[in-house]
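Below: the structure, in structure tokens.
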Ligand SMILES: Cc1cc2nc3c(=O)[nH]c(=O)nc-3n(C[C@H](O)[C@H](O)[C@H](O)COP(=O)(O)OP(=O)(O)OC[C@H]3O[C@@H](n4cnc5c(N)ncnc54)[C@H](O)[C@@H]3O)c2cc1C
């Protein structure tokens, strides 16, 4: 079928829904989502949304901006960080007015808690900046925005999968979409497309991300010739449940939890003497891995303990109830009396589709691609630089989702729906037919498992030239094996087997961009730690990586970092 809308938003997480709310009063906007909207991964966010409200302790947006820039190891674009920190305050009150049930202080204000890397007075001490609703902050915001979208009559196409961007003469004219229930391929003619498709933690074996986080929008933009920015910067959250990767939010440490090694020692005191367990995530993950490598994991094994026992049963039930139930369900651990075994888990992608502060996607010349926008985790604005601070994603989604929506409304005046190419969607039909008719070959799961292992072994918390070269060679072999990927289920109805195989192409493509970008960056900065280049090198590497698909293979180039208020200096806590 052919559908027509002024604007199509792909993704119904917080970024996509916030943008949709902005556009709905003035234009016909539709939202496409491969999962039911409230199952979008934003709903899994636990700990909080960052804004310098100063409800519990003195705070200021300048301190928030400084922390964001320093947390990002000075790779953050400071114009974007300023937008984030100043607009965060308005954005949180807006959510409150929409009905988000935030936890409250005794005086009835929005309650706030400490989070990693957020400090008062430019680094003096940890500050309570994360606004929260117990440990289900993302859940309540997502439900509120979705209810608002329904109230405003926004059309949502649920379980519709973006398969390709439709371009004509460099401008985006629509999308090709696969309907899960029927197996039909639909074309959407539109004047503007906003990608809000989230992250791609499924590149790794152990991750806090859900099955849907396969980087579809990011890969499809790359396949269409858009460069990807800073793909080497992958966040490993320090406290995933050991072996599973299920997240134990930083809120647990914000509420007083501490990490301990096999000696029972609170080891973060040595790595970050000022803010200890509330150091930024890249530092805490490296500290945990160092303890493990030096034999101080629990019982000499590859995990440490997160100790919440001193917080008290009542406070755990009030503030960290979901986390406590995860520990009970997955491990049989009672957080009031026993520590939780944890190790780093792949959590967030700092890199993605380059945009300006108004969500316009930028090409290799840094010029906006007509009709194409991106927001949320799939985008790289770049606010988070080389390492995102906790509680800065949720606020990024609502601040930059709204800005992208506003920009689209402004641009609609000159964006046309005509000139939809006749060949649109034919590649997708061919791709699906090939997969459905191939009778011999390898299952996607085997190739995906091998890719996840390679990425986990060679492109995670610590990296080396040798390991990354090995990863690249392995990925080449896996890409070759992918050419004969084969599915078992051939029905048109709810064929997730088919989608798994298609998403594997995306994951393999993104893994390659990550490894190539990591190989090229010969320094250590934020989450990208090269054991063979352990220092940050501002003279050579204070720049963003761009990787672009060309006929000659992936090509790397660089673009400058925007520095306004804060000159780079050593990053200590
Ligand atoms: C367990 C966990 C806890 C977290 N806690 C916090 C926190 O406390 N504070 C914080 O700031 N951040 C937190 N984060 C990070 C934050 O939740 C995410 O970065 C953020 O929610 C991403 O939002 P998004 O709108 O970009 O995408 P998502 O919410 O991931 O939504 C992506 C959307 O894109 C759609 N989509 C994807 N591909 C396709 C396709 N091919 N076709 C159609 N639709 C598609 C999906 O259906 C979905 O609707 C947490 C992350 C995790 C994993």
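Every number here is computed from the coordinates shown, using simple stated rules; none is lab data. Computed from a predicted structure; not experimentally measured. Quick reminder, even Gly has a Cβ in these numbers, built from the backbone with ideal geometry, and neighbours come from all protein chains shown.
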Can you run the Rg to Rh ratio on the chain? Use alpha carbon positions and the Kirkwood inverse-distance Rh. 0.95
Which order do 9, 141 fall in if you start with the one that has the fewest other Cβ atoms within 10 Å? 141, 9
FRET efficiency for residue 122 and residue 93 from the Cβ-Cβ distance with R0 = 25 Å, rounded to 0.05, comes out at 0.50
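At a Förster radius of 45 Å, what calculated FRET efficiency corresponds to the Cβ-Cβ distance of residue 151 and residue 481, to the nearest 0.05?
About 0.40, to the nearest 0.05.
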C-alpha center-to-center spacing [region 457-486, region 262-283] in angstrom: 32 Å
Going by average Cβ neighbours within 10 Å, how do the peptides 526-537, 146-157, 416-427 rank, with the highest at the top? 526-537, 146-157, 416-427
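Could you tell me what percent of the DSSP beta bridges with both partners in region 430-573 are antiparallel, to the nearest 5? Intermediate results must be reported in sequence, preceding the final value.
Working: 8 of 11 bridges.
Counting only bridges with both partners in region 430-573, antiparallel ones make up about 75 percent.
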Testing the spin-label approximation: label points 7 Å from Cα along Cα→Cβ at residue 457 and residue 315. State their distance in nm. 4.4 nm
Which of rounded, prolate or oblate describes region 320-449 when judged by the alpha-carbon gyration tensor and an a/c cut-off of 1.5? oblate
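Quote the FRET efficiency, to the nearest 0.05, computed for residue 450 versus residue 336 with a Förster distance R0 of 45 Å and r equal to the Cβ-Cβ distance. If you can, show how the numbers build up before the last one.
Values: r = 41 Å, r/R0 = 0.91.
The pair residue 450/residue 336 has a calculated efficiency of 0.65.
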Calculated [θ] (222 nm, deg cm²/dmol) that DSSP helices of n ≥ 4 give over the chain, each run adding -39,500 (n - 2.57): -11000 deg cm²/dmol
What fraction, in whole percent, of alpha-carbon pairs in region 96-139 exceed 14 Å separation? 54 percent
Mind jotting down the distance between the C-alpha centroids of region 52-125 and region 212-255, whole Å? 22 Å
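Rounded, prolate or oblate, given the Cα gyration tensor of region 1-97, with a/c below 1.5 counting as rounded?
It comes out prolate by the Cα gyration axes.
Between residue 556 and residue 182, 0.36 nm times their residue separation minus their Cα-Cα distance comes to what? The partial results should precede the final answer.
Working: separation 374, 0.36 × 374 = 134.64 nm, distance 4.01 nm.
So the chain would gain 130.6 nm between residue 556 and residue 182.
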Taking N as its residue count, the alpha carbon Rg of region 148-282 over 2.2 N^0.38 Å: 1.48
Cβ neighbours within 10 Å, averaged per peptide: list 543-553, 182-192, 229-239 in order, most packed at the top. 229-239, 182-192, 543-553
Can you tell me what share of the DSSP beta bridges in the chain is antiparallel? A percent to the nearest 5 is fine. 65 percent
Tilt, helix 321-331 to longest principal axis of the chain (alpha-carbon atoms), in degrees rounded to tens, equals 80 degrees
Which of rounded, prolate or oblate describes region 191-252 when judged by the alpha-carbon gyration tensor and an a/c cut-off of 1.5? prolate
Take the Cα pairs of region 225-292, get the Kirkwood Rh, then feed it into Stokes-Einstein at 10 °C and 1.306 mPa s and tell me D in µm²/s. 120 µm²/s
What is the distance, in nm, between label points placed 7 Å from the Cα along the Cα-to-Cβ direction at residue 325 and at residue 569? 4.6 nm
q = 0.10, 0.11, 0.23 Å⁻¹: log10 I(q)/I(0) that the Debye formula gives for region 426-549, counting C-alpha atoms only: -0.40, -0.47, -1.25
In whole Å, largest first, what are the principal axis extents of the Cα atoms in region 237-345? 34, 28, 22
Compute the long axis of helix 137-151 from its Cα atoms, compare it with the longest principal axis of the Cα atoms of the chain, and write down the angle in degrees, 0 to 90, nearest 10. 30 degrees
Checking rank on 113-124, 268-279, with mean other Cβ inside 10 Å and highest first, the result is 113-124, 268-279
